[in-house]
Amino acid sequence: MTRVDPLVLDGFVPYPEEFAVRYRNQGYWIDQTHSEFLFQSIERNPEKVAIVAGDIQLTYAELGDRILRLAAGFQHLGIGRGDRVVLHLPNVADYVPLVFALYELGAIPVLALAAHQRHEIEYIVDFTQARAYVTVERHNGNDLAALAEDMKASSSTLEHTIILAPDGRGGDLDGLLSHGALTHRRRSLPSDVAFVQLSGGTTGRPKVIPHTHEANLTSVRSAVRHCGITSGTIQLIVLPLSHSFAMRSPGYLGVLGSGGTVVLSQNGSPDAAFSLIQKHRITDVSVVPPLALAWLNTSLKSDFDLTSLRVLRVGGAKFSATAARRVRSELGATLQQSFGMAEGLATFTNLDDAEEAITSYQGRPNSDGDEVRIIDDEGNEVARGESGHLLTRGPSTIRGYYRADQDNAECFTPDGYYVTGDIVCERADRYLEVVGRSKDQINRGGEKVAPEEVENLLLSHEGVHDVSVVGIADDVLGERVKALIVPRPGSDAQDLTLVGLRKFLRGRGLAAYKMPDVVELVEEFQKTSVGKISKRSQRESVVGPA
Ligand code: OOB
């Protein structure tokens, strides 16, 4: 067997040796990479259907074959161990084969969300020094082929662009598939960085989250146990595959590692999702609260046979207890709440918990190895039942963002706890209830928006003197994005309407979900007693005309 040395990746914050030893000794981390995790399942279940996307079906054997052919294609392009490749794909059939082709080589997929646009993608290609960019020709009206061309011309690292047809088929994929197949073997180590994700963030630019194979896979295995995933699971995936909830909590990784089937959809609306549930006898699905509400409130429920659905998992944002109580009687499924973060920690309610716990709380930490501290503003532990800031450390939580010393000093304590920015309260038995947030982030129905990022773009508008972006309460989404704007004297108010500003931001390539929903023009900002802009009063102020 060829010897594989650890990957050296500058800017990655490793786990201290003492913790790595502990996590291995206690069995949280095992000697396995993502490739080995999936190929074990491929060998056990060759004839079973692994992936369904529209009219495409891949058995486990076909999935394995496709991974090894794509890996040969990437290798032919010169992509290898440690190289970053930005994957910018909606939920298409080849998403999983492409990610695992990169894992096979020990290359590092950079998992962008399909909703990202030029503003986000240019930055992450540059920041991660990506050598290749994989996307579809166009998505949601955006010409991604043109973006790929522009980046290839301007970037000093980007050498290859791989463009699939809009439905995720063909295109450059055919070329990539034409170089034979690699043999599956170990080309990376469990302690290597496996992939990076992007944080919803609180700052002007998304932060980059690196996960090692062993740290990510421990969270997948624990989630499989808590979520009742088996080879009989048929999971519908409507959330973006690159989001942690759809990937590892328990996500497609949990299902494929267990020999189940994932059915992919780009659309979670009741009509699309319900017809897939009926057609494929779906047993399990994860959604964000606005989707759960849409499913509860539609009359379409009675037009479809949803009796196969056993678990409706809801997370990404707070699910109201009132809506939670309706799930069992109206959808016939057990609710499982999940609170998690791309940085690592995930919590789940247990499927057999009392209804009161399932509907009121967000669950217990996924792993016994997860350490949780809840502290007040002065840094002291709060009494059980009191709310405070959640800090966490554990076998699947990162120790730092990639190449971000300054952010790391703020977001991690010296002893390695991640400061989540969430306000929680610990109920009995390690049960957490999320009661609020201290970080400057807007949670728009599970999609995270960093106000500073939108503010920075709006400040580059010539009619804008000053701007503040805040989240305002919304019955369905939880929060919506509001921009308060102090116009520059003499500017044309016509440019500063909701329509005008959204057009401006679209021109700057900002993802659609970050766009303001409401704009209010003001003469000046209310300040706090120390002279800072009072975002709190802005969140509470009456919404003015858009
Ligand atoms: C998940 O991950 P991210 O990285 O998109 O967002 C993390 C943040 C948390 O810090 C919290 O502020 C919020 O999203 N959040 C919730 C929540 N789940 C996430 N807030 C209240 N209640 C919940 N149930 O969103 C994520 C990752 C893995 C599993 C599930 C969700």
Give the residue, chosen from GLY204, GLY257, that is under 21 Å from SER396 (Cα atoms) and under 20 Å from the mean Cα position of the chain (by Cα). GLY257
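Let's see how each residue does on (1) surrounded by fewer than 23 Cβ atoms within 10 Å (Cβ to Cβ); (2) in the same structural domain as GLY507 (by TED's automatic domain parsing); (3) more than 15 Å from the ligand (Cβ to nearest atom):
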{"site": "VAL435", "(1), (2), (3)": "yes, no, no"}
{"site": "ALA450", "(1), (2), (3)": "no, yes, no"}
{"site": "ASN456", "(1), (2), (3)": "yes, yes, yes"}
{"site": "ASP474", "(1), (2), (3)": "yes, yes, no"}
SER265 fails exactly one of the following numbered conditions: (1) surrounded by fewer than 24 Cβ atoms within 10 Å (Cβ to Cβ); (2) touching a residue at least 40 places away in the same chain (Cβ under 8 Å); (3) within 30 Å of PHE412 (Cβ to Cβ); (4) of a type outside the set (Phe, Trp, Tyr). What is the number of that condition? (3)
Determine which single condition GLY170 fails, assuming it passes every other condition in (1) in contact with a Lys or Arg (Cβ under 8 Å, 6 or more places away or on another chain); (2) more than 14 Å from the ligand (Cβ to nearest atom). (1)
Can you tell me which residue in the stretch 353-395 is nearest to the ligand (Cβ to nearest atom), limited to those that are of a type in the set (A, V, I, L, M, F, W, C) and crowded, with 20+ Cβ neighbours inside 10 Å? LEU390
Please tell me if SER275 is among the polar types (S, T, N, Q), more than 13 Å from the ligand (Cβ to nearest atom) and over 30 Å from ARG480 (Cβ atoms). no
Taking the stretch 299-324 as the search range and keeping residues that are within 16 Å of the ligand (Cβ to nearest atom) and part of a loop (DSSP other than H, G, I, E, B), which one is surrounded by the most Cβ atoms within 10 Å (Cβ to Cβ)? GLY316
The stretch 83-101, residues that are over 18 Å from HIS243 (Cβ atoms) and assigned to a helix (DSSP H, G or I): PRO97, ALA101
Tally of residues being among the basic types (Lys, Arg), within 23 Å of TYR361 (Cβ to Cβ) and crowded, with 18+ Cβ neighbours inside 10 Å across the stretch 396-430: 0
Could you check, for the stretch 120-134, whether at least one of its residues is outside any helix (DSSP H, G or I), of a type in the set (Phe, Trp, Tyr) and in contact with a helix residue (DSSP H, G or I) (Cβ under 9 Å, 6 or more places away or on another chain)? yes
Taking the conditions exactly as written (over 30 Å from ASP407 (Cα atoms) and among the small types (Gly, Ala, Ser)), does SER249 satisfy them or not? no
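The values are calculated or read from the model by the stated rules, or taken from the named source; none is laboratory data. Since we're looking at a predicted model, the values are computed, not measured. Backbone-built Cβ (ideal geometry, glycine too); neighbour counts: all protein chains shown.
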